[in-house]
Protein chains: 2
Amino acid sequence: MAVGGRSATPEVIWARPERAGRGPRPAYSRADIAAAAVRIADADGLDAVSMRRVAAEIGCGTMSLYNYVPRKEDLYELMVDEVGGEYEFPEHPSGDWRADMLALAHQTRALMHRHPWLPGLMSPVYGFGPHVLRYLEYCLTCLDGLDAAQGTKLELVATVNGMVTTYVGNELATAERARSMPWSPEQENAARAAYLGREIATGKYPRVAQAFAQDSGPVDMDAVFDRMLGRVLDSFT
Amino acid sequence: MAVGGRSATPEVIWARPERAGRGPRPAYSRADIAAAAVRIADADGLDAVSMRRVAAEIGCGTMSLYNYVPRKEDLYELMVDEVGGEYEFPEHPSGDWRADMLALAHQTRALMHRHPWLPGLMSPVYGFGPHVLRYLEYCLTCLDGLDAAQGTKLELVATVNGMVTTYVGNELATAERARSMPWSPEQENAARAAYLGREIATGKYPRVAQAFAQDSGPVDMDAVFDRMLGRVLDSFT
DNA sequence: GCGCACTACGTACGCTGTACGTAACTAGGA
DNA sequence: TCCTAGTTACGTACAGCGTACGTAGTGCGC
């Protein structure tokens with residue numbers, strides 16, 4: 001009858017027991033595998049995370065990995081949850097939910113700067129691993145002080161996380177994009193700016209021209225981040 | 001020496017002339033190629049969009065496509081801009097920027113429902129093709145009535161688009177995810193809900209439990225969309 | 001202690017993006 | 001007008017991917 005119990009019904013990886021009843025003791029833990037994948041992605045980008053490469057990193061045959069991770073997508077879920085373990089929560093929320101959520105968003109941004117592939121996995125993956133659940137529980141604890149329906153609180157968390165993901169994703173896009181390209185992010189940006197300048201000079205887009213003309217000088221990304229986030233949070237007050 | 005002028009310096013696809021001075025007249029237009037890729041993605045998902053498949057769709061050899069599209073990523077830029085041409089702008093903005101931006105967001109959402117792969121391309125692609133520039137120009141025209149700095153207007157557009165992308169991306173995630181899976185989105189959702197229920201029952205996440213318990217009954221996605229969007233827009237008033 | 005579910009892993013298939021070489025073609029400069 | 005350089009077209013080939021499948025070997029539950 002062949003192979004292990006790879007089911008044809010949808011499975012959530014977190015629902016699988018790490019250790020099955022029968023058979024030899026698994027040689028690696030889920031955390032080992034996740035950590036290996038994260039290490040590879042941090043070092044060489046998300047594209048470098050292949051089943052073969054991860055298997056080699058933890059030191060087993062390629063197909064053995066499928067005993068732990070039935071599909072590649074599940075590996076992504078493991079990775080997201082793994083770095084979710086890097087959040088540091090204070091013993092108790094401060095009581096000021098706005099400040100607490102802002103601090104959490106700063107942690108998220110820092111996390112994404114440490115793991116630049118993370119924004120790219122936030123959309124396709126929407127798993128609820130243990131770390132993610134822990135994070136969500138803490139968020140809701142912070143929001144105990146907010147007088148709103150449960151649904152609204154979830155909306156708040158989702159909105160803030162969406163905004164942070166989008167923002168940091170854009171922040172990192174050029175750099176991540178250029179990772180496997182033969183040119184630097186600066187060259188890339190220069191080429192795009194040159195094209196945009198030429199296009200704007202045609203006069204077909206006067207307002208775009210005006211908007212980008214005024215936009216000279218370096219932007220303080222931290223300030224912009226706080227301002228946008230502040231607006232979003234205020235909208236829930 | 002060989003091959004055509006594939007440069008090692010970064011190039012923006014839009015900066016390439018469709019017709020080069022020398023050589024035979026190109027057999028296909030950029031729009032032909034973009035339309036073919038969009039057709040494939042609509043029919044069989046984004047993963048089905050391969051250089052081979054697109055080439056076959058327009059009826060040329062695989063490698064001929066590289067004369068038009070130097071990298072696969074550029075194909076994605078073409079696709080995004082192509083569907084950007086589906087926006088329908090009124091002759092003049094109404095004068096109520098809030099209403100206009102809301103209407104635009106509704107168009108974006110409809111666009112993404114028509115082309116479910118679009119949210120997945122919004123983060124990696126940040127090109128400024130002709131249709132996108134046209135869209136941006138119209139956005140800024142709507143915001144003529146808003147008393148704010150140019151930078152703030154760009155922030156508004158970016159924030160709204162980010163929110164819409166995130167929201168619709170989540171809306172479509174399950175369906176798109178299940179496209180190449182052997183089970184239905186309903187089965188997938190059921191499996192995830194079952195796992196989540198089991199996890200919540202452990203009592204380790206009381207607030208998550210409470211939030212999801214209260215969340216019974218079907219959600220009106222349109223209403224949630226409008227409410228979240230309204231909040232974001234209000235935050236710029 | 002038997003049997004079966006599990007782990008481990010090699011091989012193989014069909015697919016991907018794309019480097020490169022070659023042949024046909026055409027517009028610009030002489 | 002002809003020449004030639006740059007372009008289009010396209011087949012071949014390579015390295016890599018996810019993963020189906022078959023085959024051993026291992027150790028828990030009955």
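The values are calculated or read from the model by the stated rules, or taken from the named source; none is laboratory data. This is a predicted model, so every value here is computed, not measured. So basically every Cβ, Gly included, is an ideal-geometry build from the backbone, and we count neighbours across all protein chains shown. Calculation scope for accessible area: heavy atoms of the full protein, side chains included, ligands and nucleic acids excluded. Shrake-Rupley method; radii C 1.70, N 1.55, O 1.52, S 1.80 Å.
For every helix of n ≥ 4 consecutive DSSP H residues, a contribution of -39,500 (n - 2.57) applies; sum these over the protein assembly as shown, divide by its total residues, and give [θ] at 222 nm rounded to the nearest 500 deg cm²/dmol. Calculated from helices alone, the mean residue ellipticity at 222 nm is -19000 deg cm²/dmol. The angle separating the long axis of helix A:72-84 from the principal Cα axis of greatest extent in chain A is about 70 degrees.
About the Cα centre of the protein assembly as shown, how large is the charge dipole given +1 on each Lys and Arg Cβ and -1 on each Asp and Glu Cβ? Please answer in debye to the nearest 20. Walk me through the numbers before you get to the answer.
Numbers: 48 positive and 62 negative charges, 348 e Å.
Magnitude of the dipole: close to 1660 debye.
Principal semi-axes of the equivalent ellipsoid, √(5λ) from the alpha carbon gyration tensor of the protein assembly as shown, are 37, 31, 21 Å from largest down. Relative to the dominant Cα principal axis of chain B, helix B:221-234 is inclined by about 80°. Only Lys, Arg, Asp and Glu carry charge here, each on its Cβ (+1 for the first two, -1 for the last two); on that basis region A:27-79 has a dipole of about 160 debye about its Cα centre. Measuring with a 1.4 angstrom probe and ignoring ligands and nucleic acids, A:Phe212 comes out at about 70 Å² accessible.
Rounded to the nearest 10 degrees, the angle from helix A:97-114 to the longest Cα principal axis of chain A is 80 degrees.
Working with all protein chains in place, sort A:Leu154, B:Leu146 by solvent-accessible area computed with a 1.4 Å probe, largest first. The partial results should precede the final answer.
Details: A:Leu154 35, B:Leu146 15 Å².
Ranking A:Leu154, B:Leu146 by accessible area, largest first, yields A:Leu154, B:Leu146.
Here the label points at A:Ala213 and A:Arg52, each 7 Å from Cα along the C-beta direction, are separated by 5.4 nm in the simple model.
Here chain B is scanned for GluC sites (Glu not before Pro) in DSSP loops (not H, G, I, E, B) that have at most 13 other Cβ atoms within 10 Å, and the longest stretch holding none of them is B:92-237.
By the gyration tensor of its Cα atoms, with a ≥ b ≥ c the square roots of the eigenvalues, what is the shape of chain B: rounded for a/c under 1.5, prolate for a/b over b/c, or oblate? Oblate, because a/c is 1.5 or more while a/b does not exceed b/c.
Which is the longest stretch in chain B that no exposed loop site breaks, taking sites as trypsin sites (Lys or Arg not before Pro) with a DSSP loop state and at most 16 other Cβ atoms within 10 Å?
On the way: sites that count: B:Arg6, B:Arg19, B:Arg22, B:Arg71, B:Lys204.
With trypsin sites (Lys or Arg not before Pro) excluded where exposed in loops, chain B gives B:72-203 as its longest stretch.
Under 30 Å between alpha carbons: how many lysine pairs meet that in the protein assembly as shown, if sequence neighbours fewer than 8 apart on the same chain are excluded?
Values: A:Lys72/B:Lys72; A:Lys72/B:Lys204; A:Lys153/B:Lys153; A:Lys153/B:Lys204; A:Lys204/B:Lys72; A:Lys204/B:Lys153.
Pairs that pass both the separation and distance tests number 6.
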